[in-house]
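One structure is given below, encoded as structure tokens.
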Amino acid sequence: MDFKNSDTIPGPRTEDRLPHTAEAAVKIVIVGGFGVGKTTMVGSVSEIRPLTTEETMTQAGIGVDDNYGSASKTATTVAMDFGRISITDELVLYLFGTPGQERFWFLWNGLFEGALGAVVLVDTRRLEVSFDVMGRLEERGVPFVVAVNSFPDAPRYAVSELRTALDLPEEIPILDCDVRRRASSRDVLLTLMRFLHSLAMKGALT
Ligand SMILES: Nc1nc2c(ncn2[C@@H]2O[C@H](COP(=O)(O)OP(=O)(O)OP(=O)(O)O)[C@@H](O)[C@H]2O)c(=O)[nH]1
Ligand SMILES: [Mg+2]
């Protein structure tokens, strides 16, 4: 009788293994409105092959789904994105990207469970969506930083103008990013970690 030779079963990819030095794992959520670049961010920064739940956007979604920018966008997240990045040898972040379509927002509550912090991705062409998003994080007590994903045709604002427009207190970091670039996405996560650290030092983390 033939048996499958175990040598033919591929082992885990080297980068899929958690570094043996890892001591702390932290859950971070990436949130924001439809098409703001959440999946792109998780994909650009993850050191493992990201898990995505992208579904093709079809004619059936017309009138139901958000369609902003849909000319160039053909897929949307229906459940979540998942990725991982080691910030240091000891600290590993698990990244969870939320769906942006409003009809899937009920999934957010589960994704927020146990999250230490969040990145709110903002598109300056649609600032109004960010209020809902930030409100939900505030309700759940999840601290966040705001990262403006700079699309080429999006209006540019000074940080102080954005702070006023988004009604954000002085201590919440706001920064520009290009989620397609790994270094830029990593900078956003480092800013969030520094912010969480400063909150922990003040005893403001629950
Ligand atoms: N020009 C430009 N395009 C970008 C940028 N970031 C993302 N994109 C593109 O914008 C589209 C939207 O990105 P996604 O990552 O799918 O956005 P999302 O927030 O996950 O979308 P949903 O899950 O549907 O809410 C993709 O086609 C990206 O390649 C950017 O900084 N500049
Ligand atoms: Mg997505």
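The values are calculated or read from the model by the stated rules, or taken from the named source; none is laboratory data. From a predicted model like this one, the values you see are computed outputs, not experimental measurements. Using ideal geometry, Cβ is built from the backbone for each residue, glycine included, and neighbour counts are taken over all protein chains shown.
Which one of Glu113, Glu128, Glu171 is surrounded by fewer than 19 Cβ atoms within 10 Å (Cβ to Cβ), under 29 Å from Pro19 (Cα atoms) and not aromatic (Phe, Trp, Tyr)?
That would be Glu113, the only listed residue that is surrounded by fewer than 19 Cβ atoms within 10 Å (Cβ to Cβ), under 29 Å from Pro19 (Cα atoms) and not aromatic (Phe, Trp, Tyr).
Residue check: is Ala115 part of a loop (DSSP other than H, G, I, E, B), at pLDDT 95 or above, of a type in the set (Gly, Ala, Ser) and under 21 Å from Phe195 (Cβ atoms)?
Judged against the criteria, Ala115 is a match.
Starting from the range 39-67, keep only residues that are closer than 21 Å to Phe82 by Cβ and among the charged types (D, E, K, R), then list their pairs with residues that are within 16 Å of ligand 2 (Cβ to nearest atom) and at pLDDT 95 or above whose Cβ atoms are within a distance under 7 Å, requiring at least 6 positions of separation or different chains.
Glu54/Thr39
Filter the range 19-49 down to residues that are surrounded by fewer than 18 Cβ atoms within 10 Å (Cβ to Cβ) and of a type outside the set (A, V, I, L, M, F, W, C) and give me whichever is nearest to the chain's Cα centre (by Cα).
Among residues in the range 19-49 that are surrounded by fewer than 18 Cβ atoms within 10 Å (Cβ to Cβ) and of a type outside the set (A, V, I, L, M, F, W, C), the one nearest to the chain's Cα centre (by Cα) is Lys27.
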